[in-house]
């Protein structure tokens, strides 16, 4: 197919397709004449992955490019791709403070990880984010919300096991790698969306509950 058809089939404008190609995010098509380039079904698939990462997953162009470069690199593994995807979706946190608040928060996150039996290290992209969450809760006088962290952790553990079980059933290495990336990036978007839907439902039920006399 020519680039116009590729654009129609994917909904990605021609200039954007050319930009992705220049940035190395989309492989170049096959040049079959001096002024004609042919694209294949693999280009359709790649563009759908790119748009999913950016439009649905919320990644920047730069972050999506880094993830795609890792997908294309030799020696990639599901574990390595999980780390890449986690880094891409994790917010950049401020430099940790050096006062007692930060040390206490670090210890609290370490204890949470230990309590749930997780073999995770402080270098995990989510670890320092959690430290910053704990500090923010305490600074804002919302310490009661820290009581939810074990509930969050329980749900996260169940989800992580279910996600990796699904990925493990994918027959090809390419499929596993892509599943690890999309499961992490789009899974974050899905969980955020479902949580907001559930919050609306619960809030409405609480609001409509008759008050006791």
Placing one equal point scatterer on each C-alpha of the stretch 1-111 and summing with Debye, one gets log10 I(q)/I(0) at q = 0.13, 0.22 Å⁻¹ equal to -0.62, -1.20
At R0 = 35 Å the Cβ-Cβ FRET efficiency linking residue 104 and residue 166, nearest 0.05, sits at 0.40
FRET efficiency (residue 153, residue 62; Cβ distance; R0 30 Å; to 0.05) is 0.45
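Between residue 111 and residue 28, take the C-beta separation as r, use R0 = 35 Å, and let me know the FRET efficiency to the nearest 0.05. Don't jump to the answer; show the numbers that get you there.
Working: r = 51 Å, r/R0 = 1.46.
Efficiency for this residue pair is about 0.10.
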For mean projected area of the Cα convex hull in nm² the list reads (1) 11.1; (2) 17.2; (3) 14.8; the calculated value is entry (2)
Over all viewing directions the Cα convex hull of the stretch 100-208 casts an average projected area in nm² of 8.7
Two pseudo-spin positions, 7 Å from Cα along C-beta at residue 77 and at residue 142, lie apart in nanometres by 3.8
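With the radius of gyration and the Kirkwood radius both derived from the Cα set of the stretch 98-158, what is their ratio Rg to Rh?
0.95
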Shape descriptor, the stretch 47-164: equivalent ellipsoid semi-axes (Cα gyration tensor, sqrt 5λ, whole Å, largest first) stand at 29, 17, 14
Here the gain from full extension of residue 38 to residue 123, 0.36 nm per residue of separation minus their alpha-carbon distance, amounts to 26.2 nm
Rounded to the nearest 10 degrees, the helix 41-51 long axis (Cα) sits at an angle to the longest Cα principal axis of the chain of 30
Longest principal axis of the chain (C-alpha) makes with the long axis of helix 125-139 (C-alpha) an angle, in degrees to the nearest 10, of 40
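Read the figures in this text as sums done on the coordinates, not as results from a lab. All values reported here derive from a predicted model rather than from experimental measurement. Backbone-built Cβ (ideal geometry, glycine too); neighbour counts: all protein chains shown.
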